[in-house]
Structure formats: structure tokens, C-alpha cells
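I have placed the structure first, in the form of C-alpha cells, so that the comments after it can refer back to it.
Any read-out appearing in this document is the output of simple, stated calculations on the displayed coordinates, not a laboratory observation. What you see is a predicted model; the values in this text were computed from it and never measured. All Cβ positions, glycine included, derive from the backbone under ideal geometry; neighbour counts span all protein chains shown.
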Amino acid sequence: MTNKFTSENLEQLLREAKANLAIEGIELTREEEDLVKANLLGELDDQDFHIRAIELAKKASIKPKGDR
């Protein structure tokens, strides 16, 4: 797999995305952030990313909000 982003610009892009999400009251968990990084660095293809993202979403939906 090829990298979609370099590690240098990835950190800046993630900071900006997290700031935008925070404005909406959304916080990424460490697990969610790691998943996004793996996909953007080409370590995880889009199909596997979607499968794992859905698994994380299902897991998060059954936890009380304070436990995320």
C-alpha cells in the first residue's frame, strides 16, 4: 500500500480535524485516531478501515458517554 500522506503533514492535518470536531462537541478516542492514522499512512486499506470504523462505532454506541 502507498502512503496517502507523509507523517509530517499527517500530524498537522489531524490537529486541524480534531479542532473542527471539537467545535462540534466530538472527541476522537485514541483508538479512533490510531485507526485514521493507519488508513492515511497506507497501513490499512479503505475496506479494512471501514470495517474497523463500524466496529468502533458499534462499540461506542453501547457505552455510556462518560466511558468513552
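Here are the numbers for the structure shown:
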quantity	calculated
Rh by Kirkwood over Cα pairs, then Stokes-Einstein D for segment 7-67 at 1.567 mPa s and 4 °C, µm²/s	103
Packing-based order for 7-15, 32-40, using average beta carbon neighbours within 10 Å, highest first	32-40, 7-15
Inter-site label distance for Gln12 and Asp45 at 7 Å from Cα along Cβ, in nm	3.1
Whichever aspartates and glutamates have a C-alpha closer than 17 Å to that of Lys18, once near sequence neighbours (fewer than 8 apart) are set aside	Glu8, Glu27, Glu31, Glu32, Glu33, Asp34
